[in-house]
Structures are given as structure tokens and as C-alpha cells.
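J.: Here it is, the structure in full.
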Amino acid sequence: MSVLEVRSLSKAFGGVRAVSEVSFAIGQGQFLAMIGPNGAGKTTCFNIINGQLAPDSGDMLLAGKNIAGLQPRAIWRLGVGRTFQVAATFGSMTVVENVQMALISHAGEIYRLWRPAASRHREAALALLEQVGMRQAADRPSRELAYGDVKRVELAIALANEPRLLLMDEPTAGMGAGERHDLIALVKRLVVERGISVLFTEHSMDVVFAFADRIIVLARGRLIADGDAAAIRDNAQVREVYFGTGKTFAGAVS
């Protein structure tokens, strides 16, 4: 069963077709990587799925409901979470308060704060922080965290609305090799436990080939390949797009 089905998605900016007739589906609990060289259309595609951009044409069916053109908050309400390439939290708040605010929003309590926000959903927020390995930092100001820890808190925030689909744009950007693998291993464990589907973009091929269940490849706005790691690694068109004919991904997989 598909959680998300993208059909003939297209978006142009002036005369430039950033995304052109892209179609793919994400299965229940699937860990799907979207890769491609710079300018391939990955971010545009992500922003359309998230509602930050409206498509020029095409449909996006989330559990059968067409979400094309909906606003980001409406899509979030339907169960689509997102993390961003540059992670950010409210630095003036503690770690647990950042997660509490996400839980308060999910519960629809933003405009009903007749009692202090600090008392709301604290235990649920602490439980989420425990899952991402940040429980001990719960009462620290977020501005004191290392970047890798901010990424973990962002993940806890993204899980606060109990998403059926999680979009992750460059989740390991700015992280070292060890941190990259630790974070993606954590994400994969959590989504398997929760049955969440994940669509993520990533430039680190070691992460993609080690963890993705399936990989789709964009080039110049078009989808050129769709398959498992072995199929993508051996795809001549993908090698041409990334490296030029004759080179392989072998050196990128460690």
C-alpha cells in the first residue's frame, strides 16, 4: 500500500522546468532516498510535497487524498512531518520546551494557553527526547547544543505530530561521518518501530547506499532511475549523470 503517490508532478520557474513529469510512490514503512546532482530538482520536489510550493500540474495522493496545492500547515495536519537541511530550534527555549511547543501545536492548543505552556505535554516531550537520545539535555537551553544534537531535537519535534510520512531534507548536512551514520541509524530504527514512511534527500552516498530501502534519482528535473542500491549503483545513466561514463559509486560506499 502506498502512503504517498506522486503523479506527473511538474513545476517551472520562468522558462526553467525545475521538476518535469515526476512520478513515484512511497510504500508503508519504506525508507526512500531521493538523490541527484545539484540542480536536479530535489529541493523543488520536496517543497511541493510539503506545500511550500504549488505544482503547475500533477497530483500527490496521501493515503488516497490529493494534497497538491495545500498549505504546509494543512499537510502537516494530515500527518506529514519535515526536517530541514539547516536545523534550527528556538535558542531561548530549553530542549524540552521546543518539543512541548510542537506537541501543543499538534493538540490545537496554541490559542488556548490559559495555563503556563511549561506544564503542558512535558512527559510526552521527555518521552520523545528519550527516543532520540536527548533526555539528559532536556532542561538545557537549545542554543548550547552541538549541531548534531540540534538535529536530534529537530527529529523529536518532527515526530511530535505522529506523522505517517516524514520528509527529511539533507538530514546529515554539516555532520561528520560517524555522526551521519549514527543519526540515520537512529531515524531508521524509529521509523521501523513506528511504521513511518520516510522520503529523504542526501548528498552522502555512503548514507544512501547503507540505509535506503529504495533510491530514486532525479536529473534536470526528471526521474531517471528507481530501484534498490545495487540497481542504482549499476545504472549507466546514473553513473553518467554523477561522474561521467565509466566511473562507479564504489568509492562512495564505505
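J.: Need at least 1 residues that are under 12 Å from the mean Cα position of the chain (by Cα) per element, so show me which helices (runs of 4 or more DSSP H) inside region 134-214 make the cut, counting only ones lying wholly within it.
T.: The helices (runs of 4 or more DSSP H) meeting that bar are 147-158, 177-194.
J.: Go through GLU162, GLU130, GLU144, GLU154 for me and flag whichever is out of contact with any Pro (no Cβ under 7 Å at 6 or more places or on another chain), surrounded by 15 or more Cβ atoms within 10 Å (Cβ to Cβ) and acidic (Asp, Glu).
T.: Checking each option against the conditions leaves just GLU154.
J.: Follow-up. Regarding VAL217, is this residue farther than 17 Å from VAL132 by Cβ, assigned by TED's automatic domain parsing to the domain that holds THR43, within 18 Å of the chain's Cα centre (by Cα) and not in a helix (DSSP H, G or I)?
T.: yes
J.: Please find, within region 197-219, the residue that is nearest to ILE35 (Cα to Cα) out of those that are polar (S, T, N, Q) and in contact with a strand residue (DSSP E or B) (Cβ under 9 Å, 6 or more places away or on another chain).
T.: Per the stated criteria, the residue is THR201.
J.: Only one residue in GLY36, GLY29 is surrounded by fewer than 19 Cβ atoms within 10 Å (Cβ to Cβ) and either modelled with pLDDT under 95 or touching an Asp or Glu at 6+ places or on another chain (Cβ under 6 Å) (or both), so which one is that?
T.: Unique residue meeting the criteria: GLY29.
J.: Find all pairs meeting these conditions: Cβ atoms under 7 angstrom apart; at least six residues apart or on different chains; first residue within region 4-16 and over 15 Å from ASN47 (Cα atoms); second residue of a type outside the set (S, T, N, Q) and modelled with pLDDT of 95 or more.
T.: Partner pairs satisfying both residue conditions: GLU5/ALA25; GLU5/LEU61; ARG7/GLY58; ARG7/ASP59; SER8/GLU21; SER8/GLY58.
J.: A further question on this structure: Tell me, yes or no, whether region 115-122 has at least one residue that is modelled with pLDDT of 90 or more and crowded, with 18+ Cβ neighbours inside 10 Å.
T.: We begin by selecting, within region 115-122, every residue modelled with pLDDT of 90 or more; these are none.
No, because not a single residue in region 115-122 is modelled with pLDDT of 90 or more and crowded, with 18+ Cβ neighbours inside 10 Å.
J.: Residue check, SER105 against (1) loosely packed, with under 15 Cβ neighbours inside 10 Å; (2) at pLDDT below 90, all met but one. Which one?
T.: (1)
J.: Another one. Please identify the pairs in which a residue from region 175-202 that is closer than 25 Å to GLU5 by Cα has its Cβ atom under 6 Å from the Cβ atom of a residue that is surrounded by 13 or more Cβ atoms within 10 Å (Cβ to Cβ) and of a type in the set (Lys, Arg), counting only partners at least 6 apart or on another chain.
T.: Pairs that qualify, where the first residue is closer than 25 Å to GLU5 by Cα and the partner is surrounded by 13 or more Cβ atoms within 10 Å (Cβ to Cβ) and of a type in the set (Lys, Arg), are THR201/LYS42.
J.: If I ask for residues that are surrounded by fewer than 20 Cβ atoms within 10 Å (Cβ to Cβ) and over 20 Å from ARG77 (Cβ atoms), which ones from region 44-57 would you list?
T.: Result: ASP56, SER57.
The values are calculated or read from the model by the stated rules, or taken from the named source; none is laboratory data. What you see is a predicted model; the values in this text were computed from it and never measured. With ideal geometry, Cβ positions are generated from the backbone for all residues, glycine too; neighbour counts draw on all protein chains shown.
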